[in-house]
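Peer 1: Let me give you the structure first, and then I'll get to my questions.
The values are calculated or read from the model by the stated rules, or taken from the named source; none is laboratory data. These numbers come from a predicted model, not from an experiment. Don't worry about glycine lacking a Cβ; one is built from the backbone with ideal geometry, like all the others, and counts go over all protein chains shown.
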Amino acid sequence: MRISELFTKTRKEAPADEVSKNAQLLIRAGFIHKEMAGVYTFLPLGLRVLENICQVIREEMNSAGGQELKLTTLQDPEIWQKTDRWDDKKVDVWFKTKLKNGSELGLGPTHEEPLVRALKPFISSYKDLPFLAYQIQTKFRNETRAKSGVMRTREFLMKDLYSFAKSEKEHDEIYKKFIDIYNKVFKRLGIGDQTFLTFASGGMFSQFSHEFQTVCEAGEDTIYLDRKKGIAVNEEVNNDQVLADLGLKRENLEMVRAAEVGNIFTLKDKFSSPFGLTYVAENGENQNVLMGCYGIGPSRLVGVIAELLGDEKGLVWPANIAPALVYLARLGEEKQVVKSANELYEHLTELGVSVIYDDRDERAGAKFADADLMGIPFRVVVSQKTVDSGNFEIKSRTGKDSQLLSEKDLIKKLVA
């Protein structure tokens, strides 16, 4: 990608109505555009980050045996009435619309009901279980508050995976496996050391459900964290009995602000029973399928990572989710400089290295500031000085000093 061909531009100041750090940085860097409160467009560079995050999540879901599908956004009221979740008094975040004939439809805030109905024809025997189905899909929720940039929006991307099991034992095995899988996801996204398994109420189904909370000043949640044990409890279960059950001592708990980036919880037969989702067990009896739900918010993660890792210069992306690995800054319009930069750009691209090539006739300071603002992991400079030395100048986004490397050593450093 050449900067001269990129239609977006960076800006020095963020919009006055944006109070969150993540939205300010993402807008200034040209990653997102605000449509209205709680609704953001992902522009080319922002979309790259979002898709890279989705790819990490997708790889881990697939490795766990998840099968990807995509359910519809438009929702039939009939299936939600079966579980008593169509009424706005029961679920107060619905966006609803009408067809020309006057019949009502909803825009899906979650997808348990439609998934169960879609899968019912394919489940009849214990031999069909267990399995995992997931999607990465847009959700709509009529949030009262939407002031945290892309961390809390009314239209957002969600990965929701659902497990279908024969027994509580089988469900528990899947559930425990996903705690490890989620920890791996957040580690790969660069926030594993600040993301903690957090115990929350399990409601009517189990003693606990689990949230994954990232310690972040901009977060909307308060959790009580035991850093030594690496676990936390949220406010609703912060009582003496729960602490005793978890082996936690109140004096070891630190009250911190956090942002929920994932959750997992048991559903039992809450959704399978109303739809008659059953299977014939080995003993010939009909049994309800037992379910679990496992959510991660990719678009929210864009905001959380921007909040957590961004600095005074701009965004800071981990290499595996950055919009490009290299920001190639060409300084000068001399023929040798242009030729050297063009050839390096083409060579790195051929090797599979993602590059943002700043080929503008612009001063060095402006190019370096944009590289920092965009959060690109490595900045490589081609100038008359580097051409004369036969080397290239490289500097990491978080490093203080640059170094001169030959093309061979440069490629060795950038190509895994």
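Peer 1: Of all residues in region 274-331 being of a type in the set (D, E, K, R), touching a helix residue (DSSP H, G or I) at 6+ places or on another chain (Cβ under 6 Å) and not in a helix (DSSP H, G or I), which is surrounded by the most Cβ atoms within 10 Å (Cβ to Cβ)?
Peer 2: Checked region 274-331; the qualifying residue surrounded by the most Cβ atoms within 10 Å (Cβ to Cβ) is ARG330.
Peer 1: Could you grab me the full set of residues in region 75-98 that are out of contact with any Gly (no Cβ under 9 Å at 6 or more places or on another chain) and assigned to a loop (DSSP other than H, G, I, E, B)?
Peer 2: Within region 75-98, THR83, ASP84, ARG85, ASP87, ASP88, LYS89, LYS90, VAL91, ASP92, VAL93 qualify.
Peer 1: Moving on to the next point. Name, by its number, the condition in (1) aromatic (Phe, Trp, Tyr); (2) outside any strand (DSSP E or B); (3) under 23 Å from TYR224 (Cβ atoms) that does not hold for PHE265.
Peer 2: For PHE265, the exception is condition (2).
Peer 1: Hey, among the residues in region 186-237 that are closer than 30 Å to VAL49 by Cβ and of a type in the set (Ser, Thr, Tyr), which one's surrounded by the fewest Cβ atoms within 10 Å (Cβ to Cβ)? Write out each step before concluding.
Peer 2: Just the residues of region 186-237 that are closer than 30 Å to VAL49 by Cβ, to begin with: 186-198, 200, 209-223, 225, 227, 230-232, 234.
Keeping just the survivors that are of a type in the set (Ser, Thr, Tyr) gives 195, 198, 209, 214, 222.
Numbers: THR195: 27, THR198: 25, SER209: 21, THR214: 26, THR222: 13.
The residue in question is THR222.
Peer 1: For region 158-185, give me the residue count where each residue is surrounded by 22 or more Cβ atoms within 10 Å (Cβ to Cβ) and more than 30 Å from ALA281 (Cα to Cα).
Peer 2: Matching residues across region 158-185 total 3.
Peer 1: Please pick out the residue among LYS139, LYS169 that is within 15 Å of the chain's Cα centre (by Cα), modelled with pLDDT of 95 or more and either part of a strand (DSSP E or B) or not small (Gly, Ala, Ser) (or both).
Peer 2: LYS139
Peer 1: Go through region 206-249 and give me each residue that's in a loop (DSSP other than H, G, I, E, B) and under 21 Å from ILE296 (Cα atoms).
Peer 2: Passing the criteria: SER206, CYS216, GLU217, ALA218, GLY219, GLU220, GLY230.
Peer 1: For region 360-403, give me the residue count where each residue is among the polar types (S, T, N, Q) and within 22 Å of THR10 (Cβ to Cβ).
Peer 2: 4
Peer 1: Same structure again: Any idea how many residues of region 282-293 are over 15 Å from GLU170 (Cβ atoms) and either of a type in the set (A, V, I, L, M) or in contact with a strand residue (DSSP E or B) (Cβ under 8 Å, 6 or more places away or on another chain) (or both)?
Peer 2: Pass one, region 282-293, residues over 15 Å from GLU170 (Cβ atoms): 283-286, 293.
Of the ones still in play, those that are also either of a type in the set (A, V, I, L, M) or in contact with a strand residue (DSSP E or B) (Cβ under 8 Å, 6 or more places away or on another chain) (or both) are 286, 293.
Within region 282-293, residues that are over 15 Å from GLU170 (Cβ atoms) and either of a type in the set (A, V, I, L, M) or in contact with a strand residue (DSSP E or B) (Cβ under 8 Å, 6 or more places away or on another chain) (or both) number 2.
Peer 1: Give GLY202, GLY190, GLY230 a once-over and let me know the one that is on the phi > 0 side of the Ramachandran plot and assigned by TED's automatic domain parsing to the domain that holds TYR134.
Peer 2: GLY190
Peer 1: Okay, next question. Anything in region 238-266 that is of a type in the set (A, V, I, L, M, F, W, C), farther than 15 Å from GLN213 by Cα and crowded, with 20+ Cβ neighbours inside 10 Å? List them, or say none.
Peer 2: The one that is of a type in the set (A, V, I, L, M, F, W, C), farther than 15 Å from GLN213 by Cα and crowded, with 20+ Cβ neighbours inside 10 Å: LEU248.
Peer 1: Taking the residues in region 357-405 that are outside any loop (DSSP other than H, G, I, E, B) and acidic (Asp, Glu) as candidates, determine which candidate is surrounded by the fewest Cβ atoms within 10 Å (Cβ to Cβ).
Peer 2: So, considering only residues that are outside any loop (DSSP other than H, G, I, E, B) and acidic (Asp, Glu), the one surrounded by the fewest Cβ atoms within 10 Å (Cβ to Cβ) is ASP388.
Peer 1: Pull out all pairs, ordered by first then second residue, where Cβ-Cβ is under 7 Å, the residues are six or more apart or on different chains, the first lies in region 86-104 and is in contact (Cβ under 8 Å) with a residue 24 or more places away in the chain, and the second is assigned to a loop (DSSP other than H, G, I, E, B) and of a type outside the set (S, T, N, Q).
Peer 2: As it stands, the answer is VAL93/PRO109; VAL93/ARG141; VAL93/GLU143; TRP94/ASP88; TRP94/PRO109, since those pairs meet every condition given.
Peer 1: Examine region 9-20 for a residue that is over 30 Å from GLU173 (Cβ atoms), at pLDDT below 95 and in contact with a Ser or Thr (Cβ under 8 Å, 6 or more places away or on another chain), and state whether such a residue exists.
Peer 2: Yes; the residues of region 9-20 include at least one that is over 30 Å from GLU173 (Cβ atoms), at pLDDT below 95 and in contact with a Ser or Thr (Cβ under 8 Å, 6 or more places away or on another chain).
Peer 1: In addition: Taking ASP221, is it in contact (Cβ under 8 Å) with a residue 12 or more places away in the chain and closer than 21 Å to LEU308 by Cα? Can you show your working first?
Peer 2: Numbers: in contact (Cβ under 8 Å) with a residue 12 or more places away in the chain: yes; closer than 21 Å to LEU308 by Cα: yes.
So ASP221 fits the description; yes.
Peer 1: Let me ask you something else. Residue by residue through region 313-340, note down the ones that are more than 34 Å from the chain's Cα centre (by Cα) and either outside the structural domain of LEU410 (by TED's automatic domain parsing) or at negative phi (or both).
Peer 2: LEU331, GLU333, GLU334, LYS335, GLN336, VAL337, VAL338, LYS339, SER340
Peer 1: Mind telling me which of the residues THR72, THR110 ends up being assigned to a loop (DSSP other than H, G, I, E, B), assigned by TED's automatic domain parsing to the domain that holds VAL150 and surrounded by 16 or more Cβ atoms within 10 Å (Cβ to Cβ)?
Peer 2: Within the list THR72, THR110, the selection yields THR110.
Peer 1: Could you list, in sequence order, the residues of region 35-57 that are touching an Asp or Glu at 6+ places or on another chain (Cβ under 7 Å) and either in a helix (DSSP H, G or I) or surrounded by 16 or more Cβ atoms within 10 Å (Cβ to Cβ) (or both)?
Peer 2: Passing the criteria: only GLY38.
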